[in-house]
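Each reported figure results from applying straightforward, stated rules to the coordinates on display, with no laboratory input. Quantities reported herein were computed from a predicted structural model and do not represent experimental measurements. Don't worry about glycine lacking a Cβ; one is built from the backbone with ideal geometry, like all the others, and counts go over all protein chains shown.
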Amino acid sequence: MGYFNEFFETTFDVLIVVCLCILIVSLLVNIIGLIGEYAMFRKAKQSGWLAFIPIYNDYILCTITGVNPWWVLFNILAALIGGLIPIIGVFLAVCVPIYFRSFLAVSTARSYGKEDVWAVGIFFLKPIFYLALGFGSSEYLGEKAPNDVVLEALGIDNKKDTVTEANVVQEKTVTPKFCPNCGSKIEFKESKYCTSCGKAL
């Protein structure tokens with residue numbers, strides 16, 4: 001009987017040490033990922049400290065990569081429904097996060113100028129690839145999310161009112177304004193009077 005007590009005590013001690021080691025390693029890996037995400041946010045001209053706020057960091061990552069931020073809420077709701085509804089809930093709790101994380105990974109890779117192959121690494125080894133994106137030579141190129149087929153199928157408009165390069169060029173190339181009285185070119189767009197003849201515009 002003493003042998004079994006000694007065996008279970010030793011096994012329990014080993015199990016506690018193994019669990020503590022796993023906890024410490026996972027904590028270090030998460031800290032590395034957060035540091036990489038901090039650097040990624042800084043490249044995208046966002047406050048880096050936002051990477052350390054759970055859930056909100058996913059929202060910020062969605063906004064800088066072009067993914068609809070509603071996916072963060074869908075992800076949380078799927079987890080809640082998964083705990084309440086037996087079969088459909090478990091299906092949603094598994095499928096929604098997988099779709100969201102893979103879609104976010106592709107968008108992140110594209111937004112930082114990487115090929116779609118990087119999305120596989122971001123999906124499976126997020127901390128390492130976030131470090132590479134944050135501290136590597138990649139640059140933030142803007143929102144580069146692919147079409148979201150799920151939101152399109154649900155009838156949710158995923159298109160944002162973003163300023164395109166054509167709009168920016170059009171705003172910069174303003175046609176010159178001329179005085180209707182003397183025909184002189186008006187130098188300042190806000191002018192209310194012609195500088196040559198003094199007539200009201």
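Put one equal scatterer on each alpha carbon of the stretch 33-125, apply the Debye formula with no solvent term, and list log10 I(q)/I(0) at q = 0.14 1/Å to two decimals. Once normalised to I(0) and log-transformed, intensities are -0.53.
Under a 5 Å amide H cut-off, with hydrogens placed 1.01 Å from N, Lys177 pairs with Ile186 among residues at least 5 apart or on other chains. Note on Cys95, Cys19: ascending count of other Cβ atoms within 10 Å places them as Cys19, Cys95, the fewest first.
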